[in-house]
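Chemist: One structure, pasted below without further comment.
What follows is calculated from the coordinates using simple rules that are stated; it is not laboratory data. What you are looking at is a predicted structure, and each value in this text was computed from that prediction instead of being measured. Backbone-built Cβ (ideal geometry, glycine too); neighbour counts: all protein chains shown.
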Amino acid sequence: MVQRNWRRDSDALHAPHAHEALSATLHLDPVRNAKWVVYAKAPFAGPQQMVDYVGRYTQRVAISNHRIVDIENGQVKFNWRDYSDNNRQKIMTLSAEEFIRRFLLHVLPSGFHRIRYYGFLGNRYRKEKLEYCRQLLGMTPPNEGSSQPQPCEDYRDRYEKLTSHSLRECPVCHRGRMITVKLLAKHRSPPAISDTS
């Protein structure tokens, strides 16, 4: 096995030996064009168990609501499992600020997606394709106007309930109220990729 030591000079990558990169290309080209056969077998307990298993990891949040025991006086108590102590369940108490800080460590940066959908669930024609799938299955279309979603509680109100501190209050004098002066247009930049060399 040949180990490649890449180094970065300005904005270009240089291999120590050019013939190594050429050799790798010669080996990869035939494999790239090969017809692959993917072996996939049915899950042992049926497809529903497989969907449940995958769903637990793709759709879950950092901590589920049933693990939160209590929220009061700016403290959050929640269940956790101590694997070093015979897998015993314990209760941890954190300040609301620390709990939110730890929770936000699990939020993906802007521009990253946990799940990418393909096929009839792909973003481009999802609505039309789902409608066509419903027609093929003989399903009635969902009634979109029947259930009006409740307006979401503002994050500042939730923060104030958890911490007893208002984000609308001036952080300097603690008497004045923060007001919106101007809303800046959202600018989406590609996520920064750190140099790991």
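Chemist: According to a simple spin-label model (label point 7 Å from Cα along Cα-to-Cβ), what is the distance in nm between Thr58 and Gln135?
Modeler: With each label placed 7 Å out from Cα toward Cβ, I get 2.6 nm.
Chemist: Could you calculate the contour length gain from Ser110 to Leu183, that is, 0.36 nm times the residue separation minus the distance between their Cα atoms, to one decimal place in nm?
Modeler: Working: separation 73, 0.36 × 73 = 26.28 nm, distance 1.89 nm.
24.4 nm is the gain from fully extending Ser110 to Leu183.
Chemist: Points 7 angstrom from Cα along the Cβ direction at Glu128 and Arg102: gap in nanometres?
Modeler: Each label point lies 7 Å from its Cα, and together they span 4.8 nm.
Chemist: Continuing with this model, one more query. Whole percent per 10 Å bin, from 0 to the bin with the longest distance: what is P(r) over all C-alpha pairs of region 72-123?
Modeler: Taking all Cα pairs of region 72-123, the binned fractions are 19, 28, 26, 19, 8 percent.
Chemist: Just subtract the alpha-carbon distance of His27 and Lys77 from 0.36 nm times their residue separation and send over the number in nm, one decimal.
Modeler: Details: separation 50, 0.36 × 50 = 18.00 nm, distance 5.59 nm.
Between His27 and Lys77, full extension yields an extra 12.4 nm.
Chemist: What is the packing order of peptides 155-164, 133-142, taking the mean over residues of other C-beta atoms within 10 Å and listing the highest first?
Modeler: Ranking, from highest mean packing down: 155-164, 133-142.
Chemist: So for region 64-107, taking the charge dipole from beta-carbon charges (+1 Lys/Arg, -1 Asp/Glu), which of Tyr83, Ser64, Leu94 sits furthest toward the positive end?
Modeler: Result: Tyr83.
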